[in-house]
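Please treat every number below as a calculation from the coordinates, not as lab data. Computed from a predicted model, the values in this text were never measured in an experiment. Note that we place each Cβ from the backbone using ideal geometry, even for glycine, and neighbour counts take in every protein chain shown.
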Amino acid sequence: MEKEIERKRVAIIGAGLVGSLSSVYFAHRGWDVLLFEKRPDIRKKENFAKLEKRSINLALSQRGISALSRTGLGLDKLILSKVIPMKGRMIHDLGGNQVSQAYGLPHQHINSVDRGMLNEELVNTAASLPNVTVIFEQELKQCDLDSGSLTFSSPEGQEHHYKVDLVFGADGVHSRVRGEIMKKTRMDYSQSFIDHGYCELTIPPKVLETGETDYEIDPNHLHIWPRHSYMMIALPNLDKSFTCTLFAPLDIFDSIKTEAQLMELFEKDLADAIPLIGREALVKEYFTNPKGSLMTIKCKPYHFKGRAVIVGDAAHCMVPFYGQGMNAGFEDVEKFFDILDKSGQGSGASPTDLSLMESCLDEYSTTRHPDVVAICDLALHNYVEMRSSVVSFSYLARKRLEAILHRIAPNCVIPLYTMVSFSTMRYSEVWQRWQRQSNLILNSVIVASSVLGLGSVLAAYFFLKPNTRPPPGQTIFGLATQVATIPMGWAAYAASKVYRQIQN
Ligand code: FAD
């Protein structure tokens, strides 16, 4: 009689975006997958009202797409058939004028995707695989990580027990699995809130005379109303509405207590958005929708022995200004399986080698941490860029210069946004490269302006005063050297730095 292969069993905690994608990766490799979710089945419309309110749409970019495609099940194509491409930012100024700023080259764009649809498709795909069991309304209450024994409870208070080889924590920002790992390891952990929060609003579709609907504003842009200390953004939805998010200091939210105060702010700073949202709807949504807070969570390591590991928001939470939280979470899964597959532990049919598994999880924690830290920091940096820099002259000049240099030397200068959103370069490398590039650009500007300055001085000296002759005993070259000593010195110094940076 043929001996039945004993499959390795994983419990994935959380059927959110990252957990449900992870279950497909495990199932594809033959693991016996239990996917637990404390909420009711998100695919049933009657449960919609009970679900936690999170951002309605998200920006999906290259890293997320790459992880979807690696499932080998065409998930990338399925999801990309239901997104709206956004090729750039549309800046709304105080006067209501709109200016488009491309994100990259003409073929490059990020994608607005509906969170609910994405989660449903991922859960559907997981549930369609024979070795995945999706269990809703089961909340992880306790886990003994050494033995892999887990206790869940249902809304009726019934307890359910399971035993698994690996606990995979994709249970979001308030992760219980992280808490359990923390008890067992010397985990470094930091959590910091920013003084800004957010509130979601809606621009409904425009109703045409024919009765059909259309978008109120261009759907192929991410719209931004940058107001220096705060901003509003809007992402398009397939039903021709936009979901707006007002990001502002908590003081502003706290100070708006009446309709008049809200309208005063909008009429002063966001006047063109009032007719788009509709006055009544604006007041209703502002005062009924929850105000979310924003924070960064960093921790390390992400695992306990060969028994448990955390991914997605459970392992790192970032402010949403680079649109990378989910993308980074999806990338976690891809990176994790790269390591597991390389070691041979990826296959659900291979016997569990706990020490090999531990070294895989250890490698994952060590290699992933610098990337996660880099994107958390970049996300914070991008808030300033979105709400303020995008309208400053120096920022626009730098962007233009970067774009030109990128065309001339595509491997030498790559705009930061392109590295983050349109590549799968490690985030830590993006961060280092960006710093090197910034120095390179600064020094190039010094060289160019010094040479230009020198040229202008000499031109002014020799051409505006054609009769000028060098003083007796001095050649024109000697005089020029005297005039140019300081700018030439700077230029030479900067040029040597540029040369060294290009060499690197
Ligand atoms: P979650 O989506 O939080 O899923 C965790 C799941 O675990 C939940 O379903 C939860 O119910 C379940 N769970 C929790 N505890 C338990 C338990 N004990 N037992 C069982 N189940 C449990 N990211 C982008 O990439 N692009 C964007 O444009 C973007 N925009 C954003 C805008 C805003 C305003 C915010 C707040 C975030 C945004 N993000 C964006 C980030 C993105 O939402 C998160 O990174 C992503 O949802 C993380 O997915 P996750 O699966 O790790 O966690």
Subtracting the Cα-Cα distance of Tyr395 and Leu94 from 0.36 nm times their residue separation yields 106.5 nm
If exposed means GluC sites (Glu not before Pro) lying in a DSSP loop and surrounded by at most 16 other beta carbons within 10 Å, then the longest stretch of the chain lacking such sites spans residues 213-504
In nm, the gap between the two label points placed 7 Å beyond Cα toward Cβ at Thr367 and Met295 is 3.1 nm
Partner lysines whose C-alpha sits under 29 Å from that of Lys183, ignoring same-chain residues fewer than 8 away, are Lys8, Lys38, Lys141, Lys163, Lys298, Lys300, Lys305, Lys335
Restricting to aspartates and glutamates and to Cα separations under 19 Å from Lys45, and discarding same-chain partners fewer than 8 apart, the set is Glu37, Asp114, Glu120, Glu121, Glu137, Asp239
The farthest towards the positive end of the charge dipole of the chain, of the residues Val18, Cys317, Leu118, given +1 on Cβ of Lys and Arg and -1 on Cβ of Asp and Glu, is Cys317
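For a quick check: sort Arg63, Arg29, Arg433 by the number of other beta carbons within 10 angstrom, fewest at the front. Could the numbers behind the result be given before it?
Details: Arg63 26, Arg29 20, Arg433 17.
So the ranking, lowest neighbour count to highest, is Arg433, Arg29, Arg63.
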Expressed in angstrom and rounded, the centroid-to-centroid distance over alpha carbons for the range 283-305 and the range 410-450 is 30 Å
quick note, the chain, DSSP beta bridge pairs, % antiparallel (nearest 5) is 70 percent
Dividing the mean separation of Cα pairs under 8 Å (6+ apart) by the residue count of the chain yields a relative contact order in percent of 17 percent
Note: Glu259 to Val451 extended length (0.36 nm per residue) minus current alpha-carbon separation gives 63.3 nm
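Go ahead and estimate [θ] at 222 nm for the chain from helices alone: -39,500 (n - 2.57) per DSSP H run with n ≥ 4, summed, over the residue count, rounded to 500.
Numbers: 15 runs with 216 residues, N = 504.
-14000 deg cm²/dmol, from helical runs alone.
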Residues meeting the amide H criterion for Leu201 (H placed from the backbone, H to H distance under 5 Å, 5 or more places apart or on another chain) are Cys244, Thr245, Leu246
With DSSP loop assignment and no more than 12 other C-beta atoms within 10 Å, the trypsin sites (Lys or Arg not before Pro) in the range 233-299 are Lys257
Going residue by residue through the range 236-245, the Karplus relation 6.51 cos²θ - 1.76 cosθ + 1.60 with θ = phi - 60° gives ³J(HN,Hα) values, rounded to whole Hz and with x marking Gly or Pro, of x, 10, 5, 7, 6, 8, 10, 9, 9, 10
